[in-house]
1. Regarding region A:139-147, can at least one residue be identified that is part of a loop (DSSP other than H, G, I, E, B) and under 21 Å from B:THR426 (Cβ atoms)?
2. From the set of residues in region B:197-218 that are open to solvent by 10 Å² or more (accessible area, probe 1.4 Å) and within 13 Å of chain A (Cβ to nearest Cβ), which is nearest to B:GLU154 (Cα to Cα)?
3. Based on this model, can you work out whether A:LEU109 counts as surrounded by 21 or more Cβ atoms within 10 Å (Cβ to Cβ) and under 23 Å from A:ASP73 (Cβ atoms)?
4. Could you tell me whether any residue of region B:417-436 is of a type outside the set (S, T, N, Q), touching a strand residue (DSSP E or B) at 6+ places or on another chain (Cβ under 7 Å) and within 14 Å of another protein chain (Cβ to nearest Cβ)?
5. For region B:519-546, give me each residue that is out of contact with any strand residue (DSSP E or B) (no Cβ under 6 Å at 6 or more places or on another chain) and not β-branched (Val, Ile, Thr).
6. Is it fair to say B:LEU134 is crowded, with 20+ Cβ neighbours inside 10 Å, at negative phi and not in a helix (DSSP H, G or I)?
7. Tell me, please, whether a residue that is in contact (Cβ under 8 Å) with a residue 24 or more places away in the chain, over 23 Å from B:LYS394 (Cα atoms), of a type in the set (A, V, I, L, M) and more than 14 Å from chain A (Cβ to nearest Cβ) can be found in region B:66-74.
8. In the set B:ARG189, B:ARG181, B:ARG121, which member is among the basic types (Lys, Arg) and assigned to a helix (DSSP H, G or I)?
Amino acid sequence: MPGKKPSFDLTRRSVIASATLIPVTALTATAQAPATALAPAQKKTLEAFVDRLAPKDELGPGAVECGAANYIDRQLAGYLAAEKETLTAGLAAVDSYARTAHGAPLAELSGEQRDAVLTAVENGSAADVPNARAFFNRVRRLTLEGMFGDPYYGGNTNFAGWDLIRYPGPRLAVAAEDQKMDKPPKPYRNSAYGSNHGH
Amino acid sequence: MAINLKPVDVAVVGLGAAGGVAVLPLARAGLRVAGIEAGTWMDPHKDFHPDEIYNNVRGMVTTGDKIRREAPTFRTDANQKAQRGGPSPMMNAVGGTSIHYHAQSWRLKPWDFKTVSEVKRRYSASHLPHGSTLEDWPLSYEEIEPFYDTVEYEIGVSGKAGNIRGVLDATGNVYEGPRQREYPMPPLRTTDYQENMKAAARSLGWKPFHSPAAINSQPRNGRGACGYHGYCDRGGCHLQAKNSTCFTTIPAALQTKRLTIFDRAQVTRIISDNMGKVAGVQYTREGKEYFQPAKAVLVGSYTYENVRLLLLSKSKPYPNGLGNNHGQVGKHYFGHWDAQAGAGVNALFPMDLNLWYGAILSQGVVVDEWADDSFDHSGLGFIGGASMTAYMEKHPIAAAAGQTFGQAPEWGSKWKTWIHENAGRTASAYIQANSFPYENTYLDLDPDARDPLGDPVIRVTSGPKENERSAALYAQDRMEQWFKAAGAVAVSKGNPVGPRLSTHTYGGTRMGDNPDTSVVDKWGFSHEAPNLGLLGGSVFGTSGARNPTLTIQALAWRTADRLVKAWKSIAV
């Protein structure tokens, strides 16, 4: 920066930024596992849910394989901690609806049965799921963030989300030929926060 | 008791796009300037990232802590109770919102400054929007032109002139007012997509041109050129190629050693003396209260906070708020009818567009045929229109979250197949309609909602407008035509319902000659408190069909220049 740059004058924001964005795991080989928020049964229900939003199929990995549930689990223990209660209550209500409507918790139902549960949640007809539509939309939105966001946050495993939509990855500088219509650039599979993420 | 600080010549409240420019002519003239800013410096190496979650999902560069605490309430008519409208995307930082803005840097049109007389001349008075409080600006395009020129060269704007002293060039915008010389830099790099959109526009008989942008298209003043990395929208520039005031005018002002920055300082009141002149500003910093005496005060804290500060600053000479003895503070407010107000248009193409990288609106192609008074409005039932920009840069989450144009469900295997093929084949257009002030649209203090200091927040009252909606719908049809001429197989249009809280808001301290219909004079100084100047969109009387920042900066420079030249009559 030209002129004065009071870089020593650490702001709250830059403290937050350096705290969250310079990962401890990047500095040590014996990486500490990142904090998560969900109990194993809750995680299982969440995976059964997001798996139907984007199933693994002939096109390749789905939401679970992309780490979308990992993203949600980690963010609920961090940036999205305020949403944990609503989200886990929603998951419990979905499981309870699955039991009533199909005789088993979500994770034990077939793909078709799970689709029926998700459809009922999406259109608000699933009995006793509080704010069902809002819950569905929120989980879908977080699934998209987990599939297509930077792997730094715990999702987009092996950059499978970016490969799915053929996003060629964040580059710090982009040449004219990288903006051509007929020749999309080769995928650059890298996190904005370095090569320790996404693999 | 407030701690008294050493007096300065000028206190500037807010070091964003407006205050960050005003400090430079003041400091260069040798005045001692205190720049008082609620945020602090951001570090391009630590605080800016090519990361959609950081920039676009979480707004780490767009919304400061202070604005979150004092987010205005919103309602569509005076009979409703206003509700908290969510944070407005204004940054508290040195550089403010110019850190993360799209940097499209427009001059308003001559028409924007004299809309009332032009409408009467070309059509009739009955064509003016019903219920509007429109009036001509107290200055003409010709009077502001030298300041546009100064700011374009000081901060650095890339573009192609369409009208130099009356000589037209259709590779620039032929609808712009005459400028004295070419832009300091050529436009940002073109792309296949933009060439495709330009060819389509020309096939319709239109004259497309590249966006004017406060982004370096080539190295300039020791900083590099744009890297087109695709995280310009709501992000800071890691290359410092975006000409935010924290990289341009503020460092230049610091070099004079006449500017002192007081960061993390929240101004709570502007203090006046018994004679009705302002005496300085009061602010809080880390729980302590300070008084900064000044011979003149320039307030550039964004439309909502400019109005709030005046209304909160009551005193004996100003029992209804500073400079509000005529009851005009908060009046003539309006938001911009743009894509955020529902005026956007989306398209699906049958080929990969490769829009991923770029510099958002600044690496764009614009059509101005349907803006302002570029076309005959006889029989249309509205005045104004909209500029339309087809642009580069899209992000993966937003691309996957986009609509499927009725061709696929929104989840499941079929959706996955659809986004695999089409996430890279959709494009959006940015539409910005000419917007005007109305009697039933205004700002005041909310009777209930307060910030943590106990001060009321701003209440926005802003309802539907027939004129602007008609203009936006008209422009959306033109945009659909443009996309289809470029090969789009499906187009969808938003529902222009009107602006809520926005980064494009205007009025509240309108500029005018008449104290009964405006708050500041043609120079930006209060009709009532002679040494109080207002900076920002809050002084605008019309929006234009384009982004406001360059006009805000030209006016900020002009107000500061006026203060320097008329120092004895204004400040002493």
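The values are calculated or read from the model by the stated rules, or taken from the named source; none is laboratory data. Note that this is a predicted model, so its numbers are computed, not measured. Ideal geometry is used to build each Cβ from the backbone, glycine not excepted, and the neighbour counts take in all protein chains shown. Accessible surface areas use protein heavy atoms only, side chains included; no ligands, DNA or RNA. Shrake-Rupley method; radii C 1.70, N 1.55, O 1.52, S 1.80 Å.
1. no
2. Only one residue fits best here, namely B:SER217.
3. Judged against the criteria, A:LEU109 is not a match.
4. For region B:417-436, residues of a type outside the set (S, T, N, Q), touching a strand residue (DSSP E or B) at 6+ places or on another chain (Cβ under 7 Å) and within 14 Å of another protein chain (Cβ to nearest Cβ): present.
5. B:ASP521, B:LYS522, B:TRP523, B:HIS527, B:GLU528, B:PRO530, B:GLY536, B:SER538, B:GLY541, B:GLY544
6. Judged against the criteria, B:LEU134 is not a match.
7. Among the residues of region B:66-74, at least one is in contact (Cβ under 8 Å) with a residue 24 or more places away in the chain, over 23 Å from B:LYS394 (Cα atoms), of a type in the set (A, V, I, L, M) and more than 14 Å from chain A (Cβ to nearest Cβ), which makes the answer yes.
8. Testing whether each residue is among the basic types (Lys, Arg) and assigned to a helix (DSSP H, G or I) leaves just B:ARG121.
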